[in-house]
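Every number here is computed from the coordinates shown, using simple stated rules; none is lab data. Treat the numbers as computed from the prediction; the structure is a model and nothing was measured. Don't worry about glycine lacking a Cβ; one is built from the backbone with ideal geometry, like all the others, and counts go over all protein chains shown.
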Amino acid sequence: MTRNHLHLEIRDHIAIVRLARPAKRNALNDDLILAVRDAFDNLPDTVRAAVLDGEGEHFCAGLDLSELKERDAGQGLHHSRMWHAALERVQYGPVPVIAALHGAVVGGGLELASSCHIRVADETAFYALPEGSRGIFVGGGGAVRIPRLIGAARMADMMLTGRVYSAQEGERAGFAQYLVPAGTASAKALELAQRVAENAPLTNYALIHALPRIAEQPADHGYMTEALMAAVAQSAPEAKQRVRDFLEGRANKVRKA
Ligand code: 1HE
């Protein structure tokens, strides 16, 4: 299904959400960012994990600059809040989301990638925040999410100096957890999504909804939230079955990497 340059395909238990506006390097106009919001809001119950990628030579060129009209302060505030709402649906939606990155991952495209739970980049990926040189600021949650990936000092440097990180530098800095050969990011993301989809749903829920919140809490509160989440997860019949499977020799051991 394609709506407003967003392509959605459900393959088994995996949703593949693709930015499909390659002529404009998948620049995110209002229609497209709202389509992202709606896609993650309306995933069928059968979906257990999602892949987000982009068609063409680039993952995403960020905000559609042709829509950056004269907005007054109030309109600018609401526009940024609209992006926040959309990217929150990605981060705090029903399932883990794996971004497959290639080519430009810039501006709002990097903000979108940062709202996913795992990022796989191929060797053609590059990361930048051109907002600094366009006379604007991040507005899609990047000021919160990007420092959590790479630190505030690196983000400030990117915006102050226009620094571009290569795929290799980006992996070392913390943008992506996986670096793969050119042209293979989507396949690797799909492979990871299939693995993620095998987890108990409550464990995946804990990882996307509880873990980032625990990480924000004071340690004393975090320990309590962790204990509550652990108690809920382990009480699920599926958890009991999985533990029994291991103890009775039916489940995989952890093998050396
Ligand atoms: C666009 C956009 C865009 C391309 N908005 N139209 N983002 C940026 O500042 C990045 C701007 N884009 C680029 O630096 C380059 O386009 C790319 C490195 C991404 C790709 O280069 P290239 O040579 O493959 O493509 P191109 O020839 O530059 O662009 C092809 C077309 O896409 C062209 O339109 P055409 O009608 O002349 O064919 C471009 O104008 C169009 N295009 N990027 C609109 N971004 C929530 S706040 C977030 C704030 C931001 O994201 S600011 C950062 C914006």
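Computed over the Cα atoms of region 187-226, what is the convex hull's projected area averaged over all directions, in nm²?
3.2 nm²
Mind ordering 161-172, 182-193, 99-110 by average Cβ neighbours within 10 Å, highest first?
Ranking, from highest mean packing down: 99-110, 182-193, 161-172.
Roughly what angle does helix 152-161 make with the longest principal axis of the chain, taking Cα atoms, 0 to 90 degrees, to the nearest 10?
20 degrees
Sort 217-224, 86-93 by packing, meaning the average of other beta carbons within 10 Å per residue, with the highest value first.
Output ranking for 217-224, 86-93: 86-93, 217-224.
Determine the percent antiparallel among the DSSP beta bridges restricted to the chain, to the nearest 5.
Antiparallel: roughly 30 percent of the beta bridges in the chain.
In a GNM of the chain with a 10 Å cut-off on Cα contacts, which of Ala85, Ala176, Ala23 has the highest mean-square fluctuation?
Among Ala85, Ala176, Ala23, the largest GNM mean-square fluctuation belongs to Ala23.
Between the helical axis of 30-41 and the dominant principal axis of the chain, each derived from Cα atoms, what acute angle in degrees is found, rounded to the nearest 10?
Between helix and principal axis, roughly 10 degrees.
Rounding to the nearest 20 debye, state how big the charge dipole of region 1-134 is about its Cα centre with +1 on each Lys and Arg Cβ and -1 on each Asp and Glu Cβ.
60 debye
Can you tell me the Rg and Dmax of the chain, counting just the alpha carbons, in angstroms?
Cα-based Rg and Dmax for the chain come out at 19.0, 66 Å.
How would you classify region 58-134 from its alpha-carbon gyration tensor, with a ≥ b ≥ c the square roots of the eigenvalues: rounded for a/c under 1.5, else prolate if a/b is greater than b/c, otherwise oblate?
Note, shape of region 58-134 comes out oblate.
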